[in-house]
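K.L.:
I am attaching a structure below and will ask some questions about it afterwards.
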Amino acid sequence: MPISFEDIQQVARDLHAGEGDASKRSAVSRNFYAALHAAEHWIAHVPGMPSFGGRQGGMHVKVGNQLRGLDPIRSTPDQRQKGIKLAIKLDAMKVRRVIADYKLTDDLRPEEMTAQHVEADDYLRLCRSAP
């Protein structure tokens, strides 16, 4: 059954409200992936968005390249500025996701976990708004 980035965000909310660092770290990761899929949603609605992701890399790299690479003729300056803003925010959220998922012996402070949650909410709001 298909799901949406909102469904992933709801899982992140549930995990964030849970007990223990493992739940909260999982919420950090889910928040990042909700944002990544929200960015894909936004990309699909922007004129002049390149269909390629630029240089080789994982999905995050490709989406980031697309957000930064709007066609200057078919898109507006506001759309290009928003694409860059979304790319920068997504990069920052990925840093916390890497710590949460791969650097298990590193501290991820409660305020960082909460910041990821708040930033993901803001990110999804930006992606839902008109390109």
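K.L.:
So what is the 222 nm mean residue ellipticity for the chain from helices alone, if each DSSP H run of at least 4 adds -39500 (n - 2.57) and you divide by all residues, rounding to the nearest 500 deg cm²/dmol? Intermediate values should be presented prior to the final figure.
P.N.:
On the way: 5 runs with 92 residues, N = 131.
That comes out to -24000 deg cm²/dmol.
K.L.:
Based only on Cα atoms, what mean projected area does the convex hull of segment 59-108 have, in nm²? Kindly include the intermediate steps, with their values, before the conclusion.
P.N.:
Numbers: hull surface 14.7 nm².
Here the figure is 3.7 nm², rounded to one decimal.
K.L.:
Modelling each spin label as a point 7 Å along the Cα-to-Cβ direction, I'd like the residue 85/residue 118 distance in nm, to one decimal.
P.N.:
1.8
K.L.:
Roughly speaking, what is the stretch gain from residue 109 to residue 1, that is 0.36 nm per residue apart minus the C-alpha to C-alpha distance, in nm to one decimal? Please report the intermediate quantities before stating the final value.
P.N.:
Details: separation 108, 0.36 × 108 = 38.88 nm, distance 3.49 nm.
That works out to 35.4 nm of additional length.
K.L.:
Mind listing which trypsin sites (Lys or Arg not before Pro) in segment 92-129 are in a DSSP loop and have 12 or fewer other Cβ atoms within 10 Å? Provide the component values of the computation, followed by the final result.
P.N.:
Numbers: sites: 94, 96, 97, 103, 125, 128; in loops: 103.
Loop-located and lightly packed - 103.
K.L.:
Of the labelled options (1) 1.00; (2) 1.29; (3) 0.94, which one gives Rg/Rh (Cα atoms, Kirkwood Rh) as computed for this structure?
P.N.:
Derived directly from the coordinates: (1).
K.L.:
May I ask you to list the aspartates and glutamates whose Cα is less than 13 Å away from that of residue 94, ignoring any residue fewer than eight positions away on the same chain?
P.N.:
Here the aspartates and glutamates satisfying the reach criterion relative to residue 94 are 112, 119.
K.L.:
Using the Cα centre of the chain as the reference point, and only Cβ charges (+1 on K/R, -1 on D/E), how large is the resulting charge dipole? Debye, rounded to the nearest 20. Present the calculation step by step, with values, prior to reporting the outcome.
P.N.:
Working: 19 positive and 17 negative charges, 110 e Å.
Around 520 debye, computed over the chain.
Any read-out appearing in this document is the output of simple, stated calculations on the displayed coordinates, not a laboratory observation. Nothing here was measured: the structure is a model prediction, and the numbers come from that model. Here the Cβ is made from the backbone with ideal geometry for all residues, glycine too, and neighbour counts use every protein chain on show.
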